[in-house]
């Protein structure tokens, strides 16, 4: 037990240092989110044309929605498949397989430190954005209680295990770049990044309900701005949990199968 | 004059090697075409979602916004065809120290870096952008006058010049930021702001995006020119901006080279 803790601590220390070394990259990646939560609310604010609400969203809620989606994305959305698939293809994975630390551990350590840093970096941006918009419109009150943070954590695990499972495709496919790129289109559309799901045509909302993407960022943000309440909230959290388990199971199966035929090219 | 001929022959050689390269990876060629189409579809879906709920954004109807989208997509595809992939290799050249070999060549380094890789799989995107633009104008039932069309073409070329210079400057940063591998994101962000009419911004920001960071010249102003909402004199102003940006990019590159340490050699 004690040695496990020591290992976990050592890993965490390595990856916090690692994240700090790449802080310039982190700031640049973040600009995409900054611009998104600057441009989209302004586009919508110029679309109201005097009306009070669009699909149940008043201007204040719309603005807060985008600031929150950008904020939570920094913690939730994992892109781990890019690096992992490279490690599989170049054989770098082997050195991890030989160490006395389970693969998943080091990924979790790496991921948590990177995610926590990005979210922390985004706090001043979110604050500034909210201050900027508060001059045009009354912002929606935020409820950032325990349920919100629980939902954020579950959302991250859904995204993390999906990406982890996707990475395993590199065991079989030569070219994973295009597959991963294709993943982003439905992901951005159905996770609520482009727009609140309530604004989409009903058939698309139906699709969103049965795919994992809604359970990454859309659910926690809707909780934060009070769009999900009571029974609907608990159902959503239950479904998040279900997707975490499904993602974990899929990832474990794919990785076990993949590792069996892993040849460690490049060693 | 012979210098000009030299560069023209060099460009033809670049074109030849790029063509050979594309032929070698033909499956990849079609995959990339499909991928480009998908991203256009993705952006059109975004517009569709917005216009389900409104008739106009800051005075722009759906069809007008489509003309703008087509314009930006066209400029983006042209940049990708001509410059993007060559320039995107710059950070790698700096990191590995192989930029030395470029600097040794008896060729202008900016010319070599910018034009060496011609990416032919974007040609499909150019065609799609033109079709989308024609479709949107038909929907608008608008026939641009020859003057407006000429202004538009001039403005689009200015947009290309500005976007190219911006991308070049961002890639030049790699001389100092050797470890930062995602500098290209900065150019993506530039285009990301330009996808929507800059009229959605309040006055102060709109000024910034016209006079300081000329994002409005990417698509908003060309589109307005096509729709007859910009005076001809403005083209001169836009051209001046384009030239200023190009010269700034070149000076910035010369300045950066003084700090180049040739890390690994």
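Using C-alpha pairs under 8 Å with a sequence gap of at least 6, the mean separation divided by the residue count of chain A gives a relative contact order of 29 percent. In this label model, residue B:34 and residue A:29 are separated by 2.8 nm, measuring between points 7 Å along each Cα→Cβ vector.
Relative to the longest principal axis of the Cα atoms of chain B, the long axis of helix B:2-24 makes an angle of roughly 80 degrees. Size check on region B:181-265: the Cα extents along the three principal axes, sorted descending, read 55, 26, 23 Å. Each label point was placed 7 Å from the Cα along the Cα-to-Cβ direction; for residue A:204 and residue B:153 their separation is 3.7 nm. For peptide B:52-61, the mean count of partner chain Cβ atoms within 10 Å of a residue's Cβ comes to 5.
Of all the options B:197, B:106, B:146, the one that moves most in a Gaussian network model of chain B with Cα springs shorter than 10 angstrom is B:106.
Look at the stretch B:27-34: the mean tally of other chain Cβ atoms within 10 Å of its residues' Cβ atoms is 2.
Between helix A:103-133 and chain A there is an angle of about 20 degrees, using the helix long axis and the longest principal axis of the Cα atoms. When the Gaussian network model of chain B links Cα atoms closer than 10 Å, the mean-square fluctuations of B:228, B:41, B:154 top out at B:41. The slack between residue B:112 and residue B:85, meaning 0.36 nm per residue of separation minus the straight C-alpha distance, is 8.5 nm.
For helix A:23-45, report the angle its Cα long axis makes with the longest principal axis of the Cα atoms of chain A; keep it between 0 and 90° and round to the nearest 10°. Approximately 30 degrees, to the nearest ten. Summary of the geometry: region A:32-105 and region B:26-60, compared by the centres of their Cα atoms, lie 19 Å apart. Contact order for chain B, expressed relative to its length and based on alpha carbon pairs under 8 Å spaced 6+ residues apart, stands at 27 percent. Over all directions, the projected convex hull of the C-alpha atoms in chain B averages 16.0 nm² in area. Averaged over peptide B:182-192, the number of partner chain Cβ atoms lying within 10 Å of each residue's Cβ comes to 4. Please work out the C-alpha center-to-center distance from region B:94-118 to region A:120-188 and express it in whole Å. Here the two parts' Cα centres lie 38 Å apart. Taking only DSSP H segments of four or more residues, each worth -39500 (n - 2.57), what value at 222 nm results for chain B once the sum is divided by all its residues, to the nearest 500 deg cm²/dmol? After summing the helix terms and dividing by the residues of chain B, the value is -22500 deg cm²/dmol. Specify whether the C-alpha gyration tensor of region A:119-267 places it in the rounded, prolate or oblate class, a ≥ b ≥ c being the square roots of the eigenvalues: rounded for a/c under 1.5, otherwise prolate if a/b is larger than b/c and oblate if not. Prolate shape, in that a/c is at least 1.5 and a/b is the bigger ratio. Distance between the 7 Å Cα→Cβ label points at residue A:90 and residue B:237: 4.9 nm.
Highest mean first, how do B:237-247, A:212-222 rank when packing is the count of other Cβ atoms within 10 Å averaged over residues?
Packing order, densest peptide first, comes out as A:212-222, B:237-247.
Where in region B:197-239 does the label zone of residue B:248 land, with the point 7 angstrom along Cα→C-beta and an amide N cut-off under 13 Å? In region B:197-239, the label zone of residue B:248 (backbone N under 13 Å from the point 7 Å along Cα→Cβ) covers B:208-217. When its C-alpha radius of gyration is set against 2.2 N^0.38 Å (N residues), region A:2-260 gives a value of 1.06. A helix-only calculation puts chain A at -24000 deg cm²/dmol for mean residue ellipticity at 222 nm, using -39500 (n - 2.57) for each DSSP H run of at least four residues, averaged over all residues.
Which percent of the Cα-Cα distances in the protein assembly as shown go past 39 Å?
31
Every number here is computed from the coordinates shown, using simple stated rules; none is lab data. All figures in this text were calculated on a predicted structure; none of them were measured in a lab. When we count neighbours, we look across all protein chains shown, and the Cβ atoms used for this are built from the backbone with ideal geometry, even at glycine.
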